[in-house]
1. Give me a count of the residues in segment 258-280 that are crowded, with 18+ Cβ neighbours inside 10 Å and of a type outside the set (A, V, I, L, M, F, W, C).
2. Among the residues of segment 78-118, which ones are touching an Asp or Glu at 6+ places or on another chain (Cβ under 7 Å), among the polar types (S, T, N, Q) and surrounded by fewer than 24 Cβ atoms within 10 Å (Cβ to Cβ)?
3. Name the pairs whose Cβ atoms lie under 7 Å apart, with the first residue in segment 85-104 and farther than 19 Å from residue 298 by Cα and assigned to a loop (DSSP other than H, G, I, E, B), the second among the basic types (Lys, Arg) and open to solvent by less than 40 Å² (accessible area, probe 1.4 Å), and 6 or more positions between them or separate chains?
4. Return the residues of segment 244-268 that are under 17 Å from residue 215 (Cα atoms) and not charged (D, E, K, R); say none if nothing qualifies.
5. Which pairs have Cβ atoms under 7 Å, sit 6 or more apart or on different chains, and link a residue in segment 211-233 that is within 13 Å of residue 140 (Cα to Cα) to one that is polar (S, T, N, Q)?
6. Give me a count of the residues in segment 287-298 that are in contact (Cβ under 8 Å) with a residue 24 or more places away in the chain and touching a Lys or Arg at 6+ places or on another chain (Cβ under 8 Å).
7. Given the condition within 22 Å of residue 249 (Cβ to Cβ) and open to solvent by 30 Å² or more (accessible area, probe 1.4 Å), answer yes or no: does some residue in segment 307-321 qualify?
8. Could you grab me the full set of residues in segment 134-150 that are of a type outside the set (S, T, N, Q) and either in contact with a Pro (Cβ under 9 Å, 6 or more places away or on another chain) or on the phi < 0 side of the Ramachandran plot (or both)?
Amino acid sequence: MPREISTYPISNSLKQKLFKAGYQYDSCLKAPTVTPLTLSKDACISVEEALNVIKLVKGSATTNTDNIIKSCTADVLAKEEQSACGIVTFCQKIDTMFGNGIPLGKITEFCGVPGVGKTQLCMQLCVDCTIPEVFGGVQGQAIYIDTEGSFVAERAAQICSSTINHCHNVAEQTQDPEMKSGIKDFTSEYIMKSIHYFRCNSCVELIALAQQLPKFIKENCSDNVKLIVVDSFAFHFRHDWNDMSSRTRVMNSLAQQFMKMAFVTKLAVIFVNQMTTKLSGGDSKVVPALGESWSHVATNRVLLFWKNGVRCANLFKSPNCKEATVPFSVTVDGIRDVTCSESGNDSSDVSAKKRKLSEF
């Protein structure tokens, strides 16, 4: 039975705005077409207020059983982490730095200055998450949320072709019948259709999209999404907000939604962050944007930077991997290890083109 909005613990001023917009019963707010974005526009309230109202109304409809926090033993978690297969980057040193590629079920943040390879790495991961399991991949789909307009479909198709050729070479070298069978349907068309692209032009659209993603994943991807990329998370929040305390609350609430999706669905979430200049005691240094409180959001944080003309990745925050810095390269084929000619090191740095996928 519909419940009147007036019975909810909402401020009187907010109730009046909802009444004027035609939202007198909670059934109106539970409609699938009502999102924080639409409610914000209809009732002339902020997105944060709209999000809180929807959460309050929908949360009251859950049963006591739904609200029970489920538990599991540490032993179960340990076994899940040991058996989990991460998403490879095609750079063996980055994969080894994480232990087994980009981990599923967690948020990983890549920070860096423009041009260092953040978007290139994200596109590579979107392609790599579609690799069949027989090749050591996770064989899933990817969601790319673009806030800056930096995603280039032509470049993604180029990485697709190189990845397919690499897998074909591995299948031919090993003469494995399962690999030969698995490579038949692994085409550029298959990969490109497995990458779902969203363009968000404001933080309001990003918030609204995060609300709809679980439903989209279930209805359009058969719950087989293994990667969500937000490139970049920082862009709109650095330009569209003046109230810093409000910005922090919205960012943390949004991050919690992605964190829940990562844990429940066992997918990897990638946040791309920009860099900013921090002044302290007359000195200045370049640090990841969005402030100190944001630094606690991601499980793993990686800083991408240049050193002597070579791109490097520094894993400076991780609960299970030690801090490390490794070189990587952005080539025509995508993300690869740095070759001997690029790094000046000995022959132990072998090009990723010549490595077997099983080494990842």
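The values are calculated or read from the model by the stated rules, or taken from the named source; none is laboratory data. Here the structure is a predicted model, which means the values were calculated and not measured. Please note: Cβ atoms are built from the backbone with ideal geometry, for glycine as well, and neighbour counts cover all protein chains shown. Just so you know, the surface numbers come from the protein's heavy atoms only, side chains and all, with ligands and any DNA or RNA stripped out. Shrake-Rupley method; radii C 1.70, N 1.55, O 1.52, S 1.80 Å.
1. Summing the residues that are crowded, with 18+ Cβ neighbours inside 10 Å and of a type outside the set (A, V, I, L, M, F, W, C) in segment 258-280 gives 3.
2. 92
3. Note: pairs meeting the criteria are 90/336; 91/336.
4. The answer is 254, 256, 257, 258, 259, 261, 262, 263, 264, 265, 267.
5. Matching pairs, first to second residue: 217/265; 221/141; 223/265; 224/141; 225/141; 225/265; 226/141.
6. The number of residues fulfilling the criteria is 4.
7. Within segment 307-321 (the criterion being within 22 Å of residue 249 (Cβ to Cβ) and open to solvent by 30 Å² or more (accessible area, probe 1.4 Å)), the answer is no, since none of the residues qualifies.
8. 134, 135, 137, 138, 140, 142, 143, 144, 145, 146, 148
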